[in-house]
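**Student:** Handing you a structure now.
The values are calculated or read from the model by the stated rules, or taken from the named source; none is laboratory data. Because the structure is a prediction, the values reported are computed rather than measured. Using ideal geometry, Cβ is built from the backbone for each residue, glycine included, and neighbour counts are taken over all protein chains shown. What goes into the accessible areas is simple: the full protein's heavy atoms, side chains included, and nothing from ligands, DNA or RNA. Shrake-Rupley method; radii C 1.70, N 1.55, O 1.52, S 1.80 Å.
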Amino acid sequence: MFRRSRFDELVRTQLDLFASDESVLIEEAVAADSAWTNASAEESEDLYGDYQLVVDAVGERLHDVREAYAASLDEKTGREYRASFDRGARKRFGRLASFLEDD
């Protein structure tokens, strides 16, 4: 059974703001994904590298948003918040949030 986190509403708001503030970067990531997946074999390696750079930039910015708030919490609460943020980011942004999986 799934239970809602006490941080769900906060995370949803943070991700809404992130999507608004970083809309150009997110659009760039979507375009880069399309470019490399539709590229010829000769072009795909370089285009995948371009895509990965944009995905890393999105992930780093998500990480910064998460850590800015988590720094204000005690350790246990911070872990709970990070887990909620990571779930929400992966659900909303999919592969663009893969950077968070390394934490």
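**Student:** Quick check for me: using +1 on Lys/Arg Cβ and -1 on Asp/Glu Cβ, what's the dipole size of the chain about its Cα centre, in debye to the nearest 20?
**Tutor:** 960
**Student:** From Cα pairs below 8 angstrom and at least 6 apart in sequence, can you work out the relative contact order of the range 43-103, rounded to a whole percent? Please list the in-between numbers first.
**Tutor:** Numbers: 33 pairs, mean separation 27.8, N = 61.
So the answer I get is 46 percent.
**Student:** Would you mind finding the longest exposed-site-free stretch of the chain, with exposed trypsin sites (Lys or Arg not before Pro) meaning DSSP loop and at most 15 other Cβ atoms within 10 Å?
**Tutor:** Maximal segment without exposed cleavage sites: 7-103.
**Student:** Which Cα, out of Phe99, Leu17, Leu47, lies furthest along the positive dipole direction of the chain (beta carbon charges, K/R +1, D/E -1)?
**Tutor:** It is Leu17, whose Cα lies furthest towards the positive end.
**Student:** Now, a different point. What is the percent carbon and sulfur in the accessible area of the chain, measuring with a 1.4 Å probe over the protein chains and ignoring ligands?
**Tutor:** Values: 3460 of 6830 Å².
The value for the chain is 51 percent carbon and sulfur by accessible area.
**Student:** Please work out the Kirkwood hydrodynamic radius for the range 49-103, using every pair of different C-alpha atoms, and report it in angstroms with one decimal place.
**Tutor:** Evaluated on the range 49-103, it is 11.4 Å.
**Student:** Could you work out the relative contact order of the chain? I mean the mean sequence separation of Cα pairs under 8 Å and 6+ apart, divided by the number of residues, in percent.
**Tutor:** Numbers: 74 pairs, mean separation 33.6, N = 103.
Once normalised by length, the contact order is 33 percent.
**Student:** Work out how far the C-alpha atoms of the chain reach from end to end along every principal axis, then list the three figures in whole Å, largest first.
**Tutor:** 49, 27, 25
**Student:** Turning to a different aspect of this structure: Counting only heavy atoms of the protein chains, get the accessible area per residue of the chain (1.4 Å probe) and round it to a whole Å² value.
**Tutor:** On the way: 6830 Å² over 103 residues.
Counting only protein heavy atoms, the per-residue value for the chain is 66 Å².
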